[in-house]
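All remarks here apply to the structure that follows.
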Amino acid sequence: MARPLRFRYSPQSWSDGRVHNEILQPLQSNIGAQSVTPWFKIGGDWQTHRFEMANGDIALFARTDGEAYWMGNTETPSALWKTDKFGWRKIPYPVSRWATRELTATLHEEDPWLAEYPHLSWFFLPVFMSKDGRESTRAFFREHAAGFPDAGRRETTRFFEDFLSTGVLDGYRHVMSGKLGTSDHVDRVRMSAAMAEFIAAKILTEAGYDVVPEIEVTTGHSLDFRAEDAETNVLVEVTRPQPPINRAAAGPVAAVRDTAETKTNGQLAEHGGGATLFVDCSSFRDDAWAAVRGEQPDVRHRPAVVYRTRPNGHVEGYRKGAVPLELADAIDFLD
């Protein structure tokens, strides 16, 4: 499975002839490539190329004296196989900006409805335009309401657009967008679990905390977030129970208990305590959540916060144990 889009760097000189012979011709032979005029200017001394394949793939190439950058959701020409890969923030800004404009315009031509959500389009561009995941990741928002039940694509996509446009996760774009994955099929359970981390980040941000994702701990694995302010430094791990209709558990209360127990007996047990568990029940329909909110089951880990978010922004939930975070500004607590 291909990873989210990154750039390949070639510290060599590329002439028009070399581009034709070592990039265009192999792609023409293998997958019917054609060289077309790039849609946008890059500026400076850079020369740019856009290659479109018969199967819908696209590739971009920018070069100047002595160096070049390649990006594509297609096969890589053999002349670039041994080149190093770099993220979007590690390359010259003109190249990153040009590639972003080219790929975003292509994305919005293929899925025009996403043009209403510019920041989400930009944030998830590395997966929305990836080789394997470009169909499944867009379909997850378009056809599966980004994991929310009983909701439409526009209200759920607007929910994430409004949060992402705050910019609080911009510096972590590659790692966070990559959580959505680049699978060639929609795995709603896994993708919904990934979006639970965005919901958790939104809750923590609205509660007044700075968030840093993917915190490595001494056990050799990572917890989802560190929440910080002037007086607080708390590790947070997020889990998202499957809705009862999709699992073997007897009902929503058992679903919450079993999912939290799996996390508690695994990652959190290895960590040895000190983390707050967020149990995100946003995949639950109204009746399933009503059962959970009525019983408020224990989740075998303390401190813990169990909550359900709706795409209109309302969050309600309950706490177990002494939660070291002030979340009342973000969650309507039942307790």
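The values are calculated or read from the model by the stated rules, or taken from the named source; none is laboratory data. All of these numbers come straight from a predicted model, not from anything done at the bench. Positions of Cβ are backbone-derived with ideal geometry, glycine not excepted, and every protein chain shown enters the neighbour counts. Accessible surface areas use protein heavy atoms only, side chains included; no ligands, DNA or RNA. Shrake-Rupley method; radii C 1.70, N 1.55, O 1.52, S 1.80 Å.
Could you grab me the full set of residues in segment 185-213 that are touching a helix residue (DSSP H, G or I) at 6+ places or on another chain (Cβ under 6 Å) and either acidic (Asp, Glu) or not in a helix (DSSP H, G or I) (or both)?
So in segment 185-213, the residues touching a helix residue (DSSP H, G or I) at 6+ places or on another chain (Cβ under 6 Å) come out as 185-186, 188, 191-192, 195, 202, 211, 213.
Within segment 185-213, His185, Val186, Val211, Pro213 meet the criteria.
Residues that are at pLDDT 80 or above, in contact with a Leu (Cβ under 6 Å, 6 or more places away or on another chain) and more than 23 Å from Asn312 (Cα to Cα) number at least 2 in the following strands (runs of 3 or more DSSP E) confined to segment 222-298: 222-228, 233-239.
Could you pull out the residue among Val238, Val234 that is open to solvent by less than 20 Å² (accessible area, probe 1.4 Å), more than 17 Å from the chain's Cα centre (by Cα) and of a type in the set (A, V, I, L, M)? If you could, list the steps in order and put the result at the bottom.
Numbers: Val238 fails: more than 17 Å from the chain's Cα centre (by Cα).
Answer to the selection: Val234.
If I ask for residues that are assigned to a helix (DSSP H, G or I), free of Cβ contacts under 8 Å to residues at least 40 places away in the same chain and closer than 27 Å to Lys90 by Cα, which ones from segment 21-54 would you list? Scanning segment 21-54 gives a single hit, Leu24. Note on segment 121-178: residues that are in contact with a Ser or Thr (Cβ under 6 Å, 6 or more places away or on another chain), under 19 Å from Phe284 (Cα atoms) and of a type in the set (A, V, I, L, M) total 2.
I'm trying to understand the selection: among the residues of segment 8-17, which are within 13 Å of Ser78 (Cα to Cα) and either basic (Lys, Arg) or open to solvent by 60 Å² or more (accessible area, probe 1.4 Å) (or both)?
Here is the first cut: in segment 8-17, the residues within 13 Å of Ser78 (Cα to Cα) are 8, 10.
Correct list: Arg8 only.
Counting only strands (runs of 3 or more DSSP E) that sit completely within segment 55-131, those holding 3 or more residues that are open to solvent by less than 20 Å² (accessible area, probe 1.4 Å), out of contact with any Cys (no Cβ under 9 Å at 6 or more places or on another chain) and within 21 Å of Ala33 (Cβ to Cβ) correspond to 58-64, 67-72.
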